[in-house]
Amino acid sequence: MRVLVTGAAGSIGQVLVPGLTDRGHEVVGLDRVPQPEGHDGRWYTLDATDPDAVAAVFEEESINGVVHLAGHPGESSLPDALTSHVVTTAALLDAMVEHDVTRFVYASSNHAVGRTPRRDQVTVDTRPRPDTFYGVGKVAAEAVLSLYADRYGIDAVSCRIGSFLPQPESVRALSTWLSHDDCVRMVEAALTAPAPGFAVLYGISANTRAWWDLEPGRALGYEPQDDAEDFVDRVAAAPDDEVEAAHVGGPFATERFYRPALDRA
Ligand code: 15L
């Protein structure tokens, strides 16, 4: 496939661009920063909140699918979160509708359901329960994807990613880890699954301690191969482990992340 990857210079993008290329896909990169050294494919340096700039990419390139990674990966004010996650998603979807591109893979987050108490397995039917304005942005972006799936037949797979790291670094990550290789497997499955409509999956590896339901991902062809348990001897317990274990979102659900929605002068 010829895939537009937004946020291509970010931490996930830098793994995904070579990963998808190795699997035979042609990647067009998009980011606010210039092409990193070593990436020799097509590249657009622009802000994905700008609908005209985004539309111009679709005028120029023949694209079969979009992987939307761009967005601030942490907490911010509510308007900034909505701009970063929802406005960028909408700009891409409008351009896709205009150019008959139907496949969208979204880097959503576990923080869309992060305020869910961590008692039972979390399924894709767990109600949206954000833990931060970041999580609110992810929930709202998923709502826009659902709308465009219903209105225009966009096939949108929203991957609620856990902790994307080279290896798990905390007790929580023994449950939430998504390995680099599994991330590539996940995105390729989401890009190529036949007619998913609007679908959600949990983006973690096959962790022994997982509390998220991996079956919706498997139904779309995502078969994770790695397990955080292989690194258990390298993970040290930390004082915040217990408080962070109360909710799915871990630290994002704690008081440390409370802030007003709006920045004042
Ligand atoms: C995310 O979605 C964040 O972008 C990242 O900073 C981590 O907090 C990660 O989730 C996680 O839950 O470990």
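The values are calculated or read from the model by the stated rules, or taken from the named source; none is laboratory data. The model shown is predicted, which means the values in this text are computed figures rather than measured ones. Reconstructed Cβ throughout: ideal geometry from the backbone, glycine too, with neighbour counts over all protein chains shown. For accessibility, only protein heavy atoms count, side chains too; no ligands or nucleic acids. Shrake-Rupley method; radii C 1.70, N 1.55, O 1.52, S 1.80 Å.
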Item checked: GNM flexibility winner over the chain from L16, L147, L82 (Cα, springs under 10 Å) -> L147
Next item on the list: Determine one quarter of the surface area of the Cα convex hull of segment 145-214, which equals its mean projected area, and express it in nm² to one decimal.
Entry: 4.8
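At 1.4 Å probe size, with the rest of the protein present, what percent of the exposed accessible area of the chain is carbon and sulfur atoms? Write out the running numbers ahead of the final one.
On the way: 5750 of 11940 Å².
After summing per-atom areas, the C and S share lands at 48 percent.
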Next item on the list: Give me the accessible area per residue for segment 1-155, probe 1.4 Å, as a whole number in Å².
Entry: 44
Notebook entry, point to check: Modelled label-to-label distance, D40 and A245, 7 Å Cα→beta-carbon offset: nm?
Noted result: 5.0
Check: Where the centroid of each part is defined by its Cα atoms, how far is segment 1-52 from segment 112-150 in Å?
Finding: 26
Note to self: Based on C-alpha coordinates, I'd like the Rg and Dmax of segment 1-74, in Å.
What the structure shows: 11.3, 32
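What's the long-distance tail for segment 1-155, i.e. % of Cα pairs beyond 21 Å? Could the numbers behind the result be given before it?
Numbers: 5390 of 11935 pairs.
Here the tail beyond 21 Å accounts for 45 percent of pairs.
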Note to self: Considering the Cα positions of segment 72-200, please state its Rg to one decimal place and its Dmax as a whole number of Å.
What the structure shows: 14.8, 45
Next item on the list: Evaluate the chain: find the radius of gyration of its Cα atoms, find its Kirkwood radius, and give the ratio Rg to Rh.
Entry: 0.95
Next item on the list: State the volume of the convex hull built on the alpha-carbon positions of segment 83-140, expressed per residue in Å³ and rounded to an integer.
Entry: 80
Note to self: Please report Rg (one decimal) and Dmax (integer) in Å for the Cα set of segment 112-265.
What the structure shows: 16.1, 49
Next item on the list: Amide H neighbours of V67 under 5 Å, at least 5 residues apart or on other chains, H built in the peptide plane: list them.
Entry: L4, V5, T6, V105
Checklist line | Residue-averaged [θ]222 nm for the chain, counting only DSSP H segments that reach four residues, each worth -39500 (n - 2.57) | finding: -9000 deg cm²/dmol
Margin query: Using the Karplus curve 6.51 cos²θ - 1.76 cosθ + 1.60 with θ = phi - 60°, what ³J(HN,Hα) values do you get for each residue of segment 256-261, in whole Hz, with x for Gly and Pro?
Written below: 4, 9, 6, 7, x, 5
Next item on the list: Let me know the Kirkwood hydrodynamic radius for segment 182-265, please, with Cα pairs as the basis and the value in Å to one decimal.
Entry: 15.6
